[in-house]
Amino acid sequence: MPGHTSEEEFNAVYREWYPRLLARASMVCGAQRALASDAVQEAFTRCWLRMNDPDSTPVRNWGAWLAKTVLRQAIDLRDRHSSTAPLDDFEQLERGPELAELMDVKESFVQVCTAIASLPARQCEVVALYYLAGLSYAEIAEMLRIEESTVRKHRSDASKKLEPLAVRLKQQGLLDREGGDQQ
């Protein structure tokens, strides 16, 4: 309920979504963890404000709302900062039960980040907004101020370039959308 969110409710949303949002923002920011972290923190700041604003419209799905907000922030930060930072920031993985499994995930994640970051800027934005934020072609076109057919072309071109990593992209939860690719 807007304006009546407890700290526990916010913390639950934060714990559930922070890791996924950081991964998504990292892909958009070319794996620059500092920019990605800034984007996620800004999104959660806006989330807290929105949750506690008695005049705001209720949000039905905080995950989708946060994903859109994070991706907008990440795109903005990426555009304002150089995208040539090394991927070495990913050495700070949290410890898990299986080190070998974590290393496989890390390798896959770095490859996916590198592949998405290597796309032309507009294709990277479309991939992020379509696959990560779940926006429709129409919403992306409006947000990027381009034609819907151009959005479809960018997504198609990016998908072809990312085809060699299709299995890893799907393992990371990308290039697969609920309901398929028709929108």
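Among the residues of the range 35-61, which ones are surrounded by 12 or more Cβ atoms within 10 Å (Cβ to Cβ), acidic (Asp, Glu) and in contact (Cβ under 8 Å) with a residue 40 or more places away in the chain? The answer is Asp53, and nothing else.
Applying the criterion of being acidic (Asp, Glu) and open to solvent by less than 50 Å² (accessible area, probe 1.4 Å) to the residues of the range 124-160, the residue that is modelled with the highest pLDDT is Asp157.
Ala166 meets the conditions (1) modelled with pLDDT under 80; (2) closer than 17 Å to Leu71 by Cα; (3) among the aliphatic types (A, V, I, L, M) in every case but one. The failed one is (2). Selection of the range 3-20 for residues being modelled with pLDDT of 85 or more and open to solvent by less than 40 Å² (accessible area, probe 1.4 Å) yields Phe10, Val13.
The values are calculated or read from the model by the stated rules, or taken from the named source; none is laboratory data. Bear in mind that the values here come from a model prediction, so they are computed numbers and not experimental data. Note that we place each Cβ from the backbone using ideal geometry, even for glycine, and neighbour counts take in every protein chain shown. Just the protein is used for accessible areas: all its heavy atoms, side chains included, with ligands, DNA and RNA removed. Shrake-Rupley method; radii C 1.70, N 1.55, O 1.52, S 1.80 Å.
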